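The values are calculated or read from the model by the stated rules, or taken from the named source; none is laboratory data. Just so you know, these numbers come straight off a predicted model, no measurement behind them. With ideal geometry, Cβ positions are generated from the backbone for all residues, glycine too; neighbour counts draw on all protein chains shown. Quick note on the areas: whole protein, heavy atoms, side chains included, nothing else; ligands and nucleic acids left out. Shrake-Rupley method; radii C 1.70, N 1.55, O 1.52, S 1.80 Å.
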Amino acid sequence: MTIQWFPGHMTRAKRQIEEKLKLIDVVFELLDARIPQSSRNPMVDEITSTKPRLVLLNKADLADADQTAEWSRYFRSQGLATHAIDANAGSGVKELASKAKELLQEKIQKQIDKGMKPRPIRALIVGIPNVGKSTLINRLAGRNIAVTGDRPGVTKGQQWIRFGGELELLDTPGILWPKFDDPVAGFRLAATGAIKEDVLHLDEVACFVLKVLVENYGSALSERYGLEGLPSELPDMQAAIQVLESIGKRRGCIVSGGHVDYEKAATLLLRDLRSGKLGRMTLESPEETNK
Ligand code: GDP
């Protein structure tokens, strides 16, 4: 289910997060490691400005490890602490308490100096739909508790999930809206499945993906579909369609009359990309962000 984000929803989502911020010490901003910039909410800096924040690059298992390292450097250069995780399998998750503690070191030290016993750090997860908020909450809880409602305005009684002795997490995440006004971000969001591709045209999304893959992961692409003589870049849409056509032919995506079924080929490509069958891939680099 994709939510249509109208101005009223955004205002309500923003207000709900502001309410939750009063209860917590630290924000975990969840991003998709394959598209760290495109999966960021455009107003997250402003909305969470009152609390320290840890940027979590989730789905790191699907992303290019070198690119994830680049992105971590980039966020650190922006003054943001960052950590890569895979909420599905749990890697990187157990370090969350110590990462949060590092961010709050001064505050904790003050409590100790006053003779107080530091209480568990309270955290809130925020992010756009589909970045893995519920998966992370469930993983930290050790059971299925998070409702994957993805609707601003739908709230239930909030509870704290205790993780180890040092971290507590609010069981309802802060749901933020994705970027709307940047068409390239839209393609990246659709490519990873963060927004439904029917918002955009499926074959256009596939062509966008092919352009990125040919330029950065050409050999993985050739190998998966047995493509020969793949160019090092695709100058235009026509060139991308040709590659899609080759994939369709190789995979038997043919309609009556012997023509390639582009939609079927596009669906196959996107499914392979999202499930990691094409290998670990990142669809944007920090350099592109600064353009
Ligand atoms: P939410 O809308 O932010 O709560 O996202 P969900 O927790 O529902 O996750 C969306 C999809 O991403 C689900 O199919 C999850 O299984 C998948 N997912 C979440 N985290 C990871 C991860 O770290 N790695 C992989 N491969 N998939 C993940």
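Looking across Ala60, Ala69, Ala65, one residue alone is free of Cβ contacts under 8 Å to residues at least 24 places away in the same chain and on the phi < 0 side of the Ramachandran plot. It is Ala69.
Residues satisfying the criterion are absent from the stretch 113-124 (criterion: in contact with a strand residue (DSSP E or B) (Cβ under 8 Å, 6 or more places away or on another chain), assigned to a helix (DSSP H, G or I), basic (Lys, Arg) and at pLDDT 95 or above). List every residue pair whose Cβ atoms sit under 7 Å apart, with the two residues 6 or more apart in sequence or on different chains, where the first one lies in the stretch 208-232 and is not assigned by the TED database to the domain that holds Gly279 and the second, anywhere, is surrounded by 20 or more Cβ atoms within 10 Å (Cβ to Cβ). That search, which allows pairs on different chains as well, returns nothing. When Val44 is tested against (1) of a type in the set (A, V, I, L, M); (2) away from the ligand (no atom under 16 Å from the Cβ); (3) under 22 Å from Ile195 (Cβ atoms), only condition (2) is not met.
For Val214, state whether it is modelled with pLDDT of 95 or more and either in contact with a helix residue (DSSP H, G or I) (Cβ under 6 Å, 6 or more places away or on another chain) or closer than 18 Å to Pro42 by Cβ (or both). No, not satisfied. When restricted to residues that are crowded, with 20+ Cβ neighbours inside 10 Å and within 9 Å of the ligand (Cβ to nearest atom), the stretch 71-92 contains 3.
None of Asn138, Asn144 is under 22 Å from Ile85 (Cβ atoms), at pLDDT below 95 and part of a helix (DSSP H, G or I) except Asn138.
Sub-6 Å Cβ pairs linking a first residue in the stretch 30-47 that is closer than 21 Å to Ser134 by Cα to a second residue that is aliphatic (A, V, I, L, M) and more than 12 Å from the ligand (Cβ to nearest atom), at least 6 apart or interchain, are Arg34/Leu283; Ile35/Leu283; Ser38/Ala185; Ser38/Leu189; Ile47/Ile17, ordered by first then second residue.
Residues in the stretch 61-81 that are touching a helix residue (DSSP H, G or I) at 6+ places or on another chain (Cβ under 9 Å) and among the charged types (D, E, K, R): Asp64, Glu70, Arg73. How many residues are surrounded by 16 or more Cβ atoms within 10 Å (Cβ to Cβ), more than 16 Å from the ligand (Cβ to nearest atom) and within 20 Å of Trp160 (Cα to Cα) when one looks only at the stretch 1-33? So the count comes out to 4.
Each residue in the stretch 272-291 was checked for being within 13 Å of the ligand (Cβ to nearest atom) and open to solvent by 80 Å² or more (accessible area, probe 1.4 Å), and 2 pass.
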